[in-house]
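K.L.:
Before I ask anything, let me first share the structure, which is written out below as structure tokens.
The values are calculated or read from the model by the stated rules, or taken from the named source; none is laboratory data. Computed from a predicted model, the values in this text were never measured in an experiment. Here the Cβ is made from the backbone with ideal geometry for all residues, glycine too, and neighbour counts use every protein chain on show. Side chains are part of the model used for accessible areas, which takes the heavy atoms of the whole protein and leaves out ligands, DNA and RNA. Shrake-Rupley method; radii C 1.70, N 1.55, O 1.52, S 1.80 Å.
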Amino acid sequence: MSAAHASGPRLARMFTRERWPLCARLVAVGVGQAAGSIATALLVRSAYHSLAHTSTGGSTHILLFAAALSAAVGLAAWMRAAERVVAERLGQHYVTEVRADLFEHLTRVPARHLGRRKSGNMLLRFVGDLSALRSWVSLGLAKLLVAGIAVTLALACLVVIDPGIGIAVSTVLAVGSVATLRTSPRLMSSSRAARSSRAKLTGEVVERLTQIGVLQAAGQQRREHRRVSRLSTKVSEAMIERARAAGVCRAVAEATSGLATVAVVVVGAVEVQAGRTSAATVLGAVTIVGMLAGRVRDLGRVTEYASDARVARAAALRFLALPTLPDPAGTPDLIVGPGCLEFDGIGLDAALSDITLRAESGETIAVVGTNGAGKSSLMSLAGRLVDPDAGAVRLDGQDLRSRRLASVRAAIGMAGADLPLMRGTVARNVLYRRPGASEAEIARVSALCGLDELVATLPDGWDTEVGGAGSRLSAGQRARISVARAALGRPRLLLLDEAEAHLDSGAAEVVDRVLADHKGTALVVTHRRELVERADVVWCLDRGRVVELGPPSVLLARNGPTGRLFGNESARSRAELRPESVSVPISGPVSVPVEVHC
């Protein structure tokens, strides 16, 4: 885990210097809403009292009071509109920061860790969870701030106007608040269940959309439809349960606002009969409570938004707890040298164990082995897509972990099945690693990879949209563009992980031409014998260990792991004549003596 997260992951703080002005504006809105409600109540009381005791000038008084009441109501309405805008600004400002933090973390998490997580959960985190956090800030926290201030000031006014009525209304609101809090555990549980069921459904749908060809080829439309239907039913049930819990919260808020009005009427009637207050005061109190009813309902929904936000926040924190590649500020850049690559006692999960290898500058290394041998894991370590659990990977004598990540990536070009094309045009994908590449460099790579011939067949040439992961192109076209992207800029270290797997025999020459033109060091994972024969050295892996290495002319000619892997007929014949002959696995560090040194 990175040092930044050594004390535990954290989301962006809500109250920061940048957001204080927005919070202050919300406070002002709350005060303004309270002022509008109080002014309306006082005007109603004054109007009732004046009209009840004035025999002349009634029309003038009515017009004046109507104008004043309209102004007070207009102030309250304007404050409500302002509240919505300011609250949304606050919510969007906060969520933008959280989204940036999550995406930055996403870009630093090793791809192998992300590959173990369901895409539905990832999608929900960047859409549903962020929406829940925004709703909490814009509709929950903002309401709590504004409505809380408005209700508090209005209650204070009620206590001043009539202590008995004020205390009665305050008691009803306090009981309603306690009742609302009592419903929060159920709402939290139902929100968590709803999120989980939505994530599962989203994951299934996303997977089926990306693998629709497999579904159709296997004729499993009905089976998958039934599966999605079952998950949809679970989502519906979970959402209904959440709605039921949220409905209880809203019912409590509605009952609280209604009982507050009842309390004013009952207590007011008692006090009027006792001569302690007037009917005008009671009418003013009813006006205040009536205008506060909407604020009380807003406060009733705060628990709903808070529950969703707590579930989303917990999910975001779990994501931020994923380990990242360390890249602390101030780390020096990689000093680009001749391209000598070393694996020193490497271990990685269960994929690789005790790997010690050395690729001299300018060499082309063919990395071979059966499926699951650890070839792609070795390439990921070389490109620093992941850090080893043990040992070190060095380029020109520099531990990749001790150099700034961007400088490491700039010195390395990678292509492979796990590195698909990006959505966008052909030109954008070719230039993705080096957007500032010169025209001469683009022309060089285009000639090597046959891109001019490729784009000539596309409807919009270099501006043709490739679709998600290059879905609008053939597998061979995608492979050409991927290799060109890796080779652009003459990286010191070129890593090709079965990059030619989808190229026909003629198009596979693209990889041969790129390697022949490459001036640095190259590691190539391949199952093509011709490419192995052209390599300088072969590294043969099996079950995460190096079992054989050496010149291809030697390894392909004998009955060893490499010879058997590529179907060496002469090796098979010798093995049949000498059944006792076996290939001895290499159990410890190995290297090949060479004259060139880093």
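For (1) part of a helix (DSSP H, G or I); (2) at pLDDT below 90; (3) under 26 Å from the mean Cα position of the chain (by Cα), each residue gets a yes or a no:
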{"site": "Phe319", "(1), (2), (3)": "yes, yes, yes"}
{"site": "Pro328", "(1), (2), (3)": "no, yes, yes"}
{"site": "Gly345", "(1), (2), (3)": "no, no, no"}
{"site": "Ser353", "(1), (2), (3)": "no, no, no"}
{"site": "Arg358", "(1), (2), (3)": "no, no, no"}
{"site": "Gly372", "(1), (2), (3)": "no, yes, no"}
{"site": "Ser377", "(1), (2), (3)": "yes, no, yes"}
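K.L.:
While we're here: Can you run down the residue pairs with Cβ atoms below 7 Å, 6 or more apart or on separate chains, where the first is in the stretch 419-442 and touching a residue at least 24 places away in the same chain (Cβ under 8 Å) and more than 16 Å from Arg409 (Cα to Cα) and the partner is small (Gly, Ala, Ser) and surrounded by fewer than 17 Cβ atoms within 10 Å (Cβ to Cβ)?
P.N.:
Short answer, once both residue conditions are applied: Pro420/Ala469; Leu421/Ala469; Arg423/Gly467; Arg423/Gly468.
K.L.:
Given the stretch 454-555, what helices (runs of 4 or more DSSP H) lie entirely inside it while holding 2 or more residues that are out of contact with any strand residue (DSSP E or B) (no Cβ under 9 Å at 6 or more places or on another chain) and closer than 12 Å to Ala366 by Cα? Step through it out loud before you land on a result.
P.N.:
Numbers: elements: 475-487, 509-517, 529-534, 552-555.
Ranges flagged: 529-534.
K.L.:
Could you please tell me which pairs satisfy a Cβ distance under 9 Å, a separation of 6+ or placement on different chains, a first residue in the stretch 253-274 that is over 11 Å from Gly164 (Cα atoms), and a second residue that is basic (Lys, Arg)?
P.N.:
What qualifies is Ala253/Arg297; Ala253/Arg301; Glu254/Arg297; Thr256/Arg297; Ser257/Arg295; Ser257/Arg297.
K.L.:
What are the pairs, 6+ residues apart or on separate chains, where a residue within the stretch 106-121 that is among the hydrophobic types (A, V, I, L, M, F, W, C) has its Cβ under 8 Å from a residue that is modelled with pLDDT of 80 or more and open to solvent by 70 Å² or more (accessible area, probe 1.4 Å)?
P.N.:
As it stands, the answer is Ala111/Asp418, since those pairs meet every condition given.
K.L.:
Something else now. Please verify whether the stretch 161-173 includes one or more residues that are within 29 Å of the chain's Cα centre (by Cα) and open to solvent by less than 40 Å² (accessible area, probe 1.4 Å).
P.N.:
Among the residues of the stretch 161-173, not one is within 29 Å of the chain's Cα centre (by Cα) and open to solvent by less than 40 Å² (accessible area, probe 1.4 Å), which makes the answer no.
K.L.:
Do the conditions hold for Arg403, that is, is it buried (at least 17 other Cβ atoms within 10 Å of the Cβ), farther than 19 Å from Arg108 by Cβ, charged (D, E, K, R) and touching an Asp or Glu at 6+ places or on another chain (Cβ under 7 Å)?
P.N.:
Considered against the rule, which asks whether it is buried (at least 17 other Cβ atoms within 10 Å of the Cβ), farther than 19 Å from Arg108 by Cβ, charged (D, E, K, R) and touching an Asp or Glu at 6+ places or on another chain (Cβ under 7 Å), Arg403 comes out as no.
K.L.:
Looking only at the stretch 206-220, which residues are open to solvent by less than 60 Å² (accessible area, probe 1.4 Å) and either touching a residue at least 60 places away in the same chain (Cβ under 8 Å) or in contact with a helix residue (DSSP H, G or I) (Cβ under 8 Å, 6 or more places away or on another chain) (or both)?
P.N.:
Across the stretch 206-220, the qualifying residues are Val206, Arg208, Leu215.
K.L.:
Something else now. Tell me the residue from Ala535, Ala516, Ala522 that is of a type in the set (Gly, Ala, Ser), surrounded by fewer than 21 Cβ atoms within 10 Å (Cβ to Cβ) and at pLDDT 90 or above, please.
P.N.:
Exactly one of Ala535, Ala516, Ala522 is of a type in the set (Gly, Ala, Ser), surrounded by fewer than 21 Cβ atoms within 10 Å (Cβ to Cβ) and at pLDDT 90 or above, namely Ala516.
K.L.:
Given the residues Val252, Val289, Val267, Val228, which is the only one that is open to solvent by less than 60 Å² (accessible area, probe 1.4 Å) and touching a Lys or Arg at 6+ places or on another chain (Cβ under 8 Å)?
P.N.:
On inspection, the qualifying residue turns out to be Val228.
K.L.:
Examine the stretch 327-342 for a residue that is open to solvent by 30 Å² or more (accessible area, probe 1.4 Å) and over 30 Å from Glu360 (Cα atoms), and state whether such a residue exists. Walk me through how you get there before you give the answer.
P.N.:
Step one: list which residues in the stretch 327-342 are open to solvent by 30 Å² or more (accessible area, probe 1.4 Å), which gives 327-330, 332-333, 335-336, 338, 342.
Add one more test, that the residue is over 30 Å from Glu360 (Cα atoms), and what stays is 329.
For the stretch 327-342, residues open to solvent by 30 Å² or more (accessible area, probe 1.4 Å) and over 30 Å from Glu360 (Cα atoms): present.
K.L.:
Please pick out the residue among Ala499, Ala487 that is within 18 Å of Leu531 (Cα to Cα), modelled with pLDDT under 90 and buried (at least 17 other Cβ atoms within 10 Å of the Cβ).
P.N.:
Numbers: Ala487 fails: modelled with pLDDT under 90.
Testing whether each residue is within 18 Å of Leu531 (Cα to Cα), modelled with pLDDT under 90 and buried (at least 17 other Cβ atoms within 10 Å of the Cβ) leaves just Ala499.
K.L.:
Now a separate question. In the stretch 400-414, which residues are part of a loop (DSSP other than H, G, I, E, B) and touching a helix residue (DSSP H, G or I) at 6+ places or on another chain (Cβ under 9 Å)?
P.N.:
Listed by number, the list is empty, since nothing qualifies.
K.L.:
Just for the stretch 543-565: of the residues that are among the aliphatic types (A, V, I, L, M) and farther than 12 Å from Val368 by Cα, which one is surrounded by the most Cβ atoms within 10 Å (Cβ to Cβ)?
P.N.:
Ala557
K.L.:
When only residues in the stretch 348-359 that are in contact with a Pro (Cβ under 8 Å, 6 or more places away or on another chain) and open to solvent by 30 Å² or more (accessible area, probe 1.4 Å) count, which is nearest to Thr521 (Cα to Cα)?
P.N.:
Restricting to residues being in contact with a Pro (Cβ under 8 Å, 6 or more places away or on another chain) and open to solvent by 30 Å² or more (accessible area, probe 1.4 Å), the top hit is Thr356.
K.L.:
Between Gly362, Gly369, Gly397, which is open to solvent by less than 30 Å² (accessible area, probe 1.4 Å), touching a residue at least 40 places away in the same chain (Cβ under 8 Å) and over 30 Å from Asp129 (Cβ atoms)? Lay out the reasoning, then the answer.
P.N.:
Numbers: Gly362 fails: open to solvent by less than 30 Å² (accessible area, probe 1.4 Å); Gly397 fails: open to solvent by less than 30 Å² (accessible area, probe 1.4 Å).
So the residue among Gly362, Gly369, Gly397 that is open to solvent by less than 30 Å² (accessible area, probe 1.4 Å), touching a residue at least 40 places away in the same chain (Cβ under 8 Å) and over 30 Å from Asp129 (Cβ atoms) is Gly369.
K.L.:
Restricting to the stretch 443-483, and then to whatever is surrounded by fewer than 14 Cβ atoms within 10 Å (Cβ to Cβ) and of a type outside the set (Gly, Ala, Ser), can you tell me which residue is nearest to Arg433 (Cα to Cα)?
P.N.:
For the stretch 443-483, the residue satisfying everything is Asp463.
K.L.:
Select from the stretch 1-22 the residues that are out of contact with any Leu (no Cβ under 8 Å at 6 or more places or on another chain) and either part of a helix (DSSP H, G or I) or at pLDDT 85 or above (or both) and list them in ascending order.
P.N.:
Ala3, Ala4, Ala12, Arg13, Phe15, Thr16, Arg17, Glu18, Trp20, Pro21
K.L.:
Output the residues belonging to the stretch 415-437 that are farther than 14 Å from Val466 by Cβ and not in a loop (DSSP other than H, G, I, E, B).
P.N.:
Hits for the stretch 415-437 are Ala415, Gly416.
K.L.:
So the check is Cβ under 7 Å with 6+ separation or different chains; which pairs have a first residue in the stretch 160-185 that's under 21 Å from Arg45 (Cβ atoms) and a second one that's outside any helix (DSSP H, G or I)?
P.N.:
Asp162/Thr277
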